[in-house]
Amino acid sequence: SRIIDGTFFFNEGLYYLFFGKHHNADSVLNLFYSDSIENEFKPHPKNPIVINPSNARMGGQILSYENKLYRLGQNNCFGYGEKLSLNEITNIDKHNYCEKFITEIQISNFKGPHTLNINGDKFLFDFYEDRFSIFAGLRRLLLLFKTKNQSK
């Protein structure tokens, strides 16, 4: 099945997969787990773990800071990738999942970030400017034709 913004995370002997499903990824977050990356992943009993357009869609890797875990979620209430919410994971195991909202992260005068990944002292984020382009439809149409021709 097609998943959206799949995010792997390993914690205390379990592998976790956070993801949205194609039809409702902007507002519903699911969690699966496994004891091995090679074994079948089972649905978490608390699924869906989040039902909320303000933070359900994954917005980057799970972060660990000062012995606490954090999950970034995209805020899609007023448009795609409006900003990120920072949520502390207060309990995660194969039986329970709980998180609490901490704060929001936003770039002034832009949409975003809607993804943030951190590795040591390096970080990667993305954002965009919501503006009209008369050529946007043409670019999408050309990309569609190009993709179809490459798959033949």
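About the centre of its Cα atoms, the stretch 1-100 shows a dipole size close to 260 debye [charges on the beta carbon of Lys, Arg (+1) and Asp, Glu (-1) only; nearest 20 debye].
Taking all protein chains as they are arranged and a probe of 1.4 Å, the heavy atoms of T7 leave approximately 20 Å² accessible to solvent.
For I107, the residues whose amide H sits under 5 Å from its own are G112, ignoring neighbours fewer than 5 places away on the same chain, with H placed 1.01 Å from N. Dimensions of the chain from C-alpha coordinates, computed as largest minus smallest value along each principal axis and given longest first, are 50, 42, 31 Å.
Length gained on full extension, F135 to T147, computed as 0.36 nm times the residue gap minus the Cα-Cα distance: 2.5 nm. Among N55, N87, N109, the largest mean-square fluctuation in a Gaussian network model of the chain (Cα springs under 10 Å) belongs to N109.
Only Cα pairs within less than 10 Å get springs; with that Gaussian network setup on the chain, which residue of L14, L141, L84 has the largest fluctuation? Result: L141 has the largest fluctuation of those listed.
Helical runs (DSSP H, four residues minimum) scored at -39500 (n - 2.57) apiece and divided by the length of the chain put the mean residue ellipticity at 222 nm at -3000 deg cm²/dmol.
Would you work out the relative contact order for the stretch 1-114, in percent, from Cα pairs under 8 angstrom that are 6 or more residues apart? Please list the in-between numbers first.
On the way: 285 pairs, mean separation 20.5, N = 114.
Relative contact order, the stretch 1-114: 18 percent.
Taking Cβ atoms as reference points and 12 Å as the exclusive limit, the residues near Q61 contribute a net charge of 0, counting Lys and Arg as +1 and Asp and Glu as -1. Can you compute the label reach from C77? Point 7 Å from Cα along the Cβ direction, backbone N cut-off under 20 Å, restricted to the stretch 44-69. Only 49-60 fall inside the zone, counting backbone N under 20 Å. In this view, the solvent-accessible surface of Y15, computed with a 1.4 Å probe and all protein chains in place, comes to about 70 Å². Counted by Cβ distance under 13 Å from P43, the other residues give a net charge of +3, where Lys and Arg count +1 and Asp and Glu count -1.
Each 10 Å bin from zero holds the following percent of Cα-Cα pairs in the stretch 1-49: 28, 56, 16, 0. Only alpha carbons enter this Debye calculation for the stretch 26-92, each as an equal point scatterer, and the log10 of I(q)/I(0) it gives at q = 0.13, 0.20, 0.26 Å⁻¹ is -0.41, -0.87, -1.13.
For the stretch 10-139, the residue among N87, Q61, H23 whose Cα projects farthest onto the positive side of the dipole built from Cβ charges is H23.
Please check the chain for the longest run free of GluC sites (Glu not before Pro) that are loop-located per DSSP (anything but H, G, I, E, B) and have at most 13 other Cβ atoms within 10 Å.
On the way: sites that count: E12, E38, E40, E66, E129.
Within the chain, the longest run free of exposed GluC sites (Glu not before Pro) spans 67-128.
Look at the dipole of the chain built from charges on Cβ: of N39, N96, T147, the Cα furthest out on the positive end belongs to T147. Label-to-label distance, I102 versus N39, with points set 7 angstrom from Cα along the beta-carbon direction: 3.0 nm.
The values are calculated or read from the model by the stated rules, or taken from the named source; none is laboratory data. Given the structure is predicted, the values throughout are model-derived calculations rather than measurements. Cβ sites come from the backbone with ideal geometry, for glycine too, and all protein chains shown count toward neighbours. Each accessible area value is taken on the protein alone, full model and side chains, heavy atoms only, with ligands, DNA and RNA left out. Shrake-Rupley method; radii C 1.70, N 1.55, O 1.52, S 1.80 Å.
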